[in-house]
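Engineer: The following block contains the structure, expressed as structure tokens.
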């Protein structure tokens with residue numbers, strides 16, 4: 001069975017030979033079996049902490065390059081009547097450490113009836129849609145949005161203090 005064991009560096013080029021269509025929940029796992037778009041069965045054995053994003057490239061044990069595709073899934077599309085109301089909703093979701101996709105004038109979360117009720121109570125308009133779910137990766141995740149000190153992001157260091165957050169260093 002073909003193994004997918006490494007994510008190619010961001011910006012890496014390669015001729016894509018197949019695709020792997022995955023919902024967000026699976027793109028967070030490091031060990032599992034899946035089928036490529038071609039139907040071929042593969043095993044993923046990725047390093048700890050690797051979250052796959054749509055467009056990521058994986059290296060197969062036979063040297064092929066496989067592209068990750070973010071599959072459409074049921075998500076809650078959240079809109080508000082003003083930017084400040086949307087910011088307030090985002091604040092409350094952030095307090096609950098919920099994966100949130102941030103778009104131009106909207107947020108998206110996975111279906112969750114408790115959170116949906118909270119959002120309605122905050123005045124948000126909710127629509128259940130089918131769309132790829134690409135939530136924010138977090139402030140300290142590798143590959144997070146552009147930062148002045150990229151080495152601090154990769155090593156988990158807090159910018160202000162320069163110290164490590166990891167207890168194993």
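Since every read-out is calculated from the coordinates, none of them should be taken as a lab result. As the structure is a computational prediction, the values presented were derived from the model and not from experiment. Cβ: placed from backbone, ideal geometry, glycine included. Neighbour counts: every protein chain shown.
Engineer: Tell me the label-point distance for the pair residue 112, residue 91, using the 7 Å Cα-to-Cβ offset, in nm and rounded to one decimal.
Structural biologist: Roughly 1.9 nm, to one decimal.
Engineer: Next up: Compute the Kirkwood hydrodynamic radius of segment 12-69, taking the inverse of the mean of 1/r over all pairs of distinct Cα atoms, and give it in Å to one decimal. Don't skip to the end; give the middle numbers.
Structural biologist: Numbers: mean 1/r = 0.0869 Å⁻¹.
Result for segment 12-69 stands at 11.5 Å.
Engineer: If you don't mind, another one. Residue 62 to residue 131: extension gain in nm, 0.36 nm per residue of separation minus the Cα-Cα distance? Spell out each step's value before the answer.
Structural biologist: Numbers: separation 69, 0.36 × 69 = 24.84 nm, distance 3.18 nm.
Extending this stretch completely gives an extra 21.7 nm.
Engineer: Hey, quick one: spin label on residue 45, modelled 7 Å out along Cα-Cβ, who in segment 1-29 has an amide N within reach, i.e. under 16 Å?
Structural biologist: Counting only backbone N, you get 1-7.
Engineer: Determine, from the Cβ-Cβ distance of residue 13 and residue 53 and an R0 of 22 Å, the FRET efficiency 1/(1 + (r/R0)^6), rounded to the nearest 0.05. Intermediate values should be presented prior to the final figure.
Structural biologist: Working: r = 17 Å, r/R0 = 0.76.
Calculated value: 0.85.
Engineer: Turning to a different aspect of this structure: Please tell me the relative contact order of segment 9-115 in percent, rounded to the nearest whole number, where contacts are Cα pairs under 8 Å and at least six residues apart.
Structural biologist: Numbers: 151 pairs, mean separation 24.8, N = 107.
Over segment 9-115, the number comes to 23 percent.
Engineer: For a label point 7 Å from the Cα of residue 28 along Cα→C-beta, name the residues of segment 90-108 whose backbone N is under 17 Å from it.
Structural biologist: Inside the label zone: 93-102, 108.
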